[in-house]
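Worksheet for the structure shown next.
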Amino acid sequence: MSAWWRGPGYLLGGLGTGAATLLALPVLLTPGAARGWASWHRRRADRLLRAAPSGPVRVGRWRLLAWTGSHAVTGLAFGAFTALCAGNTATTAVTLPLWWALPAGTRAGGFAAGVPLTGWGAALTLGTAQLAAFAALTYVAVPPLARLHARLCVLLLSPSATERLARQVATLTETRAGAMSAHGAELRRIERDLHDGTQARLVAIAMRLGVARELLDEHPESVSRLLAEAQQGTEDAMAELRAVIRTIYPPILADRGLAGALAALAAGAAITTDLDTVDCRDVPAAVEAVAYFTVAEALTNAAKHSGAARAGVRVGRDGDRLTVSVTDDGAGGADESRGTGLAGIRHRVLALDGTVRVHSPVGGPTVIEVGLPCGS
């Protein structure tokens, strides 16, 4: 829609939906129908105001009722005014060169009431004046009215401070419960890895060393073999311990910091990765770990599932938040429900009261944006 007709088009649409709201008022008194109807109007308002698209409307019952009544009144009033202005502009533009073909009664009334159209001079004078007046009114008055209507819609359909706080508490409660569950599962996994892997290897090493001690005097060649096996078992146990530690907090973060760890991650990625890090210092260890795992999982997903050839990673401090953005040129269509690692990213981020946004239309590109609180 061109800039000229954005406002008129929005309000003319509001004229129809305002009338529909009045006619369907009994149906719109049910919460489900009212929320769907309100969500559609909220998206229209966001598009007019060029704001980021919002999700489904989640406000209290009274705010829904307030918006319903307001839209019925303002939609009809503002829409009727727009129809008057835009309609007369269009009608005058069409009839101005064809005044002579109008019925006699219409010509007697003229473009301006009470002044008959008797010739081209009157038609051009009155018609041009009326066309200019209504076009100017449409241009000057209608766009501000459209923005006013859209802002009123956004205001009424946005959660109040109390509702936002309640939603945040509910989200935090849910994410904390998920984090505790994930934490418990992680501890059980670590315990299982240590018990079944590292501990078993250490027991085997101790047994070999005990046998070697007994055979030291009588069978030195067996002792040499047992010591070699014990050495190999020790190296395997150390490798397993390092693998377990990496799942808790990658040592490279402690050695090289977040920027250095991400540089190593990008260099070793399966696809070409462009990295841009800005001010990644003084970030809490827990936030560093989540940012690192987010980038690692996103690059793995891009290589395994999307067929991407190139990815871009941008990580930087923005005030008291660390922002992480990973983009790839793959096929898109990423879906958390298909187990592509996005759910794991979301759980890690939400556990720190962070935010996750995934934009992955079919055909690509895929963009994962993460915001993590990291203090001032």
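Among the residues that make up the stretch 332-340, is at least one of them farther than 21 Å from Ala52 by Cβ and surrounded by 17 or more Cβ atoms within 10 Å (Cβ to Cβ)? Checked against the condition, which is being farther than 21 Å from Ala52 by Cβ and surrounded by 17 or more Cβ atoms within 10 Å (Cβ to Cβ), the stretch 332-340 yields at least one hit.
When the stretch 142-173 is filtered for residues that are at pLDDT 75 or above and β-branched (Val, Ile, Thr), the ones remaining, listed by number, are Val142, Val154, Thr162. Scanning the stretch 283-292 for residues that are surrounded by fewer than 18 Cβ atoms within 10 Å (Cβ to Cβ) and touching a Lys or Arg at 6+ places or on another chain (Cβ under 8 Å) returns no hits.
Scanning the stretch 297-329 for residues that are among the small types (Gly, Ala, Ser) and part of a loop (DSSP other than H, G, I, E, B), which turns out surrounded by the most Cβ atoms within 10 Å (Cβ to Cβ)? Filtering the stretch 297-329 for residues that are among the small types (Gly, Ala, Ser) and part of a loop (DSSP other than H, G, I, E, B), the one surrounded by the most Cβ atoms within 10 Å (Cβ to Cβ) comes out as Ala308. Note on the stretch 341-375: residues that are surrounded by 18 or more Cβ atoms within 10 Å (Cβ to Cβ) and part of a helix (DSSP H, G or I) amount to 7. Selection of first residues in the stretch 33-58 that are within 15 Å of Pro159 (Cα to Cα) and of second residues that are part of a helix (DSSP H, G or I) and aromatic (Phe, Trp, Tyr), restricted to Cβ pairs under 7 Å at least 6 apart or on distinct chains, gives the following pairs, ordered by first then second residue: Ala38/Trp67.
Does Arg42 count as surrounded by fewer than 19 Cβ atoms within 10 Å (Cβ to Cβ), basic (Lys, Arg) and under 23 Å from the mean Cα position of the chain (by Cα)? Criteria not met by Arg42. Among the residues of this structure, Pro8 counts as one that is touching a helix residue (DSSP H, G or I) at 6+ places or on another chain (Cβ under 8 Å) and not hydrophobic (A, V, I, L, M, F, W, C).
Conditions tested, residue by residue: (1) modelled with pLDDT under 85; (2) under 26 Å from the mean Cα position of the chain (by Cα); (3) over 20 Å from Gly364 (Cβ atoms); (4) not hydrophobic (A, V, I, L, M, F, W, C).
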position: Arg246; (1), (2), (3), (4): yes, no, yes, yes
position: Tyr249; (1), (2), (3), (4): yes, no, yes, yes
position: Leu258; (1), (2), (3), (4): no, yes, yes, no
position: Thr294; (1), (2), (3), (4): no, yes, no, yes
position: Arg317; (1), (2), (3), (4): no, yes, yes, yes
position: Thr327; (1), (2), (3), (4): no, yes, no, yes
position: Asp335; (1), (2), (3), (4): yes, yes, no, yes
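Scoring Phe111 on the criteria (1) at pLDDT below 70; (2) in a helix (DSSP H, G or I) leaves a single failure, condition (2). Checked against the criteria, Thr30 does not count as of a type outside the set (Phe, Trp, Tyr), closer than 24 Å to Gly87 by Cα and in the same structural domain as Arg63 (by TED's automatic domain parsing). Counting only helices (runs of 4 or more DSSP H) that sit wholly inside the stretch 1-57, those with at least 2 residues that are among the hydroxyl-bearing types (Ser, Thr, Tyr) are 3-23.
The values are calculated or read from the model by the stated rules, or taken from the named source; none is laboratory data. Keep in mind the model is a prediction, meaning the values are calculated, not measured. Heads up, the Cβs are rebuilt from the backbone with ideal geometry, glycines too, and the neighbour counts pull from every protein chain shown.
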